[in-house]
Amino acid sequence: MKKLVNDPRRFVAESLAGFGAAHGDIVRVNETPAYVVRRALVAGKVGILSGGGSGHEPLHAGFVGLGMLDAAVPGEIFTSPTPDPVLEATRVVDQGTGVLYLVKNYTGDILNFETAAEFAQAEGILVRTVVVDDDVAVQNSEFTAGRRGVAGTVLIEKIVGAAAERGDDLEELAGLAARLVASVRSMGVAIAPPTVPHSGMRSFELNDDEVEFGIGIHGERGRARTAMAPADELADAVLDAVLDDLPRPAGARVIALVNGMGATPVAELYVIYRRVAERLGEIGVEIARSLVGSYVTSLDMAGFSVTLLTVDDELLRLWDAPVRTAMLRWGG
Amino acid sequence: MSLDATWVVAWMTAAAAAIADQAPTLNDLDRAIGDGDHGENMNRGFTAVRDAVRELPDGAQPAEVLRASAMKLISSVGGAAGPLYGTALLRASDAVAGLSEVDSAHVLALLEAALGGIEDRGHAAPGDKTMVDAWSVAVDAARSAVAEGRTSAEILDAAADGAESGAETTDAMLPHKGRASYLGERAVGHRDPGAVSTAIILLAAAEAAK
């Protein structure tokens, strides 16, 4: 397996160093412990902090900047960061008005961010945590660690970041984030597994005629292994699962995200988006805004996910508000 | 017999050696129902703990050794195990705060506090196929031993045996927490790696008291 790697143990650090060098106008990368902070912190603004295992780039560091995150804390590949870098990043971004943690629902992430939050609170820093769990692939979530946090995270980071920028306080932001979590659903399909740099091994095996349906973002298993099919059939299956679960008031409008898993050409993502738009049109769901690209990835896994977020005018205003990060920028 | 800070140092040192020895086994158990790095993560953490407790000043109290160990585990293990074991030792430290020697009643208090910390942090209950299944049987066994008027060393022996048998019971369980929970029935027949590392750590506590 060919990989652009020097020393696998230095992979995350070297990638972060390159990210910092490329986007030094927007972010500052701290090497030890590893975290990424917005270069221009805003006095008095609530800090928005996210993080989690590496391998999902551009999530989260690619979304640090004006109108989105103040800090991102990356762990090793597919491994949560420990509490100390989270705590240090928290201290750096806190402006006295508190810090909101946006955490994807994985046990390791929850426990490490929760521990960091307790340490921060013991130092007098206000911290609130909102857990993102948008993955409808996980069924019987009462008997498991629950639904996973996947691509919907990027939509939540954008909207909550915009609300923080306009001056919302910590409680308002936590409330907004919780409302967004309740309104967003995602589902993904893998057509080829990722390869983890330090092991050089594929996370799972998949034959040419198979897809893993309902995949997570760490190479963990999906809902079912099914037959490879034309793009429209795969898009329909994923979209149906999302629509089945998405709370949609009559006349609902949505933000639609077709997300690439890391090794899928943009042209293929647009083939999927074309079908998603066609289907939503048929059932009268208006796509108010769209996003197509690889935003929440799983190294070089091939495949896609579809995320729908139900929105109103206020959420659309926040979506349209200026954003200036490495990977998402508009307005202003 | 009472146990002082040298017992805690010996406990952590013995745990580090045993974890290093059994890291491949823990990795194998984790590969079956998790992501295969429990032994590697625990070995990294306990190696850091072993080095940290060596550096503590003479006259440090048991609570201080436990607290220093907890902070090392939290900052170096990662995954779910770091905060779980770290919280366990932090609570254990609180349970013996201010004492220069730990008597049999406080050995039990220390173990109960550790279990309480793990339950609060991980929200797991007995039967969920986690380290709680080893800890809870260990604490029950320690409680019985205290009621029978046993010595601290005997209480720790009982706890270590309890943890071992508690870990064995996880084989038949369906997982309800952590990444293993997504496997459902496919995880039955596999032993929980966290329950096994708990048994290793509590055996080290008993050995260090001898």
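The values are calculated or read from the model by the stated rules, or taken from the named source; none is laboratory data. None of the values given here were measured: they were computed from a predicted structure. Here the Cβ is made from the backbone with ideal geometry for all residues, glycine too, and neighbour counts use every protein chain on show.
Note on the stretch A:36-81: residues that are away from chain B (no Cβ under 14 Å), touching a strand residue (DSSP E or B) at 6+ places or on another chain (Cβ under 8 Å) and not hydrophobic (A, V, I, L, M, F, W, C) amount to 9. Checking each residue in the stretch A:278-319 for being surrounded by 15 or more Cβ atoms within 10 Å (Cβ to Cβ) and assigned to a helix (DSSP H, G or I) picks out A:ARG279, A:LEU280, A:LEU315, A:LEU316, A:LEU318, A:TRP319. When A:ILE272 is tested against (1) touching a Pro at 6+ places or on another chain (Cβ under 8 Å); (2) farther than 24 Å from A:SER54 by Cβ, exactly one condition is not met: (1).
For B:ALA125, are the conditions met, namely being among the small types (Gly, Ala, Ser) and in a helix (DSSP H, G or I)?
no
Selection of the stretch B:106-139 for residues being within 14 Å of chain A (Cβ to nearest Cβ) and surrounded by 22 or more Cβ atoms within 10 Å (Cβ to Cβ) yields B:GLY117, B:ILE118, B:ARG121, B:GLY122, B:ALA124, B:ASP128, B:LYS129, B:THR130, B:MET131, B:VAL132. Checked against (1) buried (at least 24 other Cβ atoms within 10 Å of the Cβ); (2) under 19 Å from the mean Cα position of the chain (by Cα); (3) within 14 Å of chain B (Cβ to nearest Cβ), A:ASN105 passes all but condition (1). Among the residues of the stretch B:165-181, the ones that are part of a loop (DSSP other than H, G, I, E, B), hydrophobic (A, V, I, L, M, F, W, C) and at the interface with chain A (Cβ under 9 Å from one of its Cβ atoms) come to 1 in all. Kindly indicate whether any position in the stretch A:235-249 is assigned to a loop (DSSP other than H, G, I, E, B), without any contact (Cβ under 8 Å) to a residue 12 or more places away in the chain and over 20 Å from the mean Cα position of the chain (by Cα). The answer is no, given that none of the residues of the stretch A:235-249 is assigned to a loop (DSSP other than H, G, I, E, B), without any contact (Cβ under 8 Å) to a residue 12 or more places away in the chain and over 20 Å from the mean Cα position of the chain (by Cα).
So, of the residues in the stretch B:182-195 that are surrounded by fewer than 24 Cβ atoms within 10 Å (Cβ to Cβ) and away from chain A (no Cβ under 14 Å), which turns out to be farthest from B:ASP21 (Cα to Cα)? That would be B:GLY189. Is it the case, given these coordinates, that A:ARG9 is in contact with a strand residue (DSSP E or B) (Cβ under 6 Å, 6 or more places away or on another chain), surrounded by fewer than 18 Cβ atoms within 10 Å (Cβ to Cβ) and not polar (S, T, N, Q)? No.
The rows are residues; the columns are (1) hydrophobic (A, V, I, L, M, F, W, C); (2) within 15 Å of the chain's Cα centre (by Cα).
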position	(1), (2)
B:LEU26	yes, yes
B:GLY36	no, no
B:ARG54	no, no
B:MET71	yes, yes
B:VAL77	yes, yes
B:VAL107	yes, yes
B:ALA113	yes, yes
B:ARG121	no, yes
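Can you go through A:VAL150, A:VAL154, A:VAL132, A:VAL127 and tell me which one is in the same structural domain as A:PHE63 (by TED's automatic domain parsing), over 16 Å from the mean Cα position of the chain (by Cα), buried (at least 23 other Cβ atoms within 10 Å of the Cβ) and closer than 19 Å to A:GLY51 by Cβ? A:VAL127 is the lone residue from the list that is in the same structural domain as A:PHE63 (by TED's automatic domain parsing), over 16 Å from the mean Cα position of the chain (by Cα), buried (at least 23 other Cβ atoms within 10 Å of the Cβ) and closer than 19 Å to A:GLY51 by Cβ. Residues being of a type outside the set (Val, Ile, Thr), surrounded by fewer than 24 Cβ atoms within 10 Å (Cβ to Cβ) and touching a Pro at 6+ places or on another chain (Cβ under 6 Å) are represented in the stretch A:210-232 by at least one member. Is it the case that A:ILE287 is more than 16 Å from the chain's Cα centre (by Cα), of a type outside the set (S, T, N, Q) and within 17 Å of A:GLU212 (Cβ to Cβ)? Answer is no for this residue. Candidates B:ALA97, B:ALA48, B:ALA92, B:ALA68: the one that is more than 12 Å from every other protein chain (Cβ to nearest Cβ), in a helix (DSSP H, G or I) and surrounded by fewer than 23 Cβ atoms within 10 Å (Cβ to Cβ) is B:ALA68. Looking at (1) surrounded by fewer than 21 Cβ atoms within 10 Å (Cβ to Cβ); (2) touching a helix residue (DSSP H, G or I) at 6+ places or on another chain (Cβ under 8 Å), which is the only condition A:ARG274 fails? Looking at each condition in turn, A:ARG274 falls short on (2).
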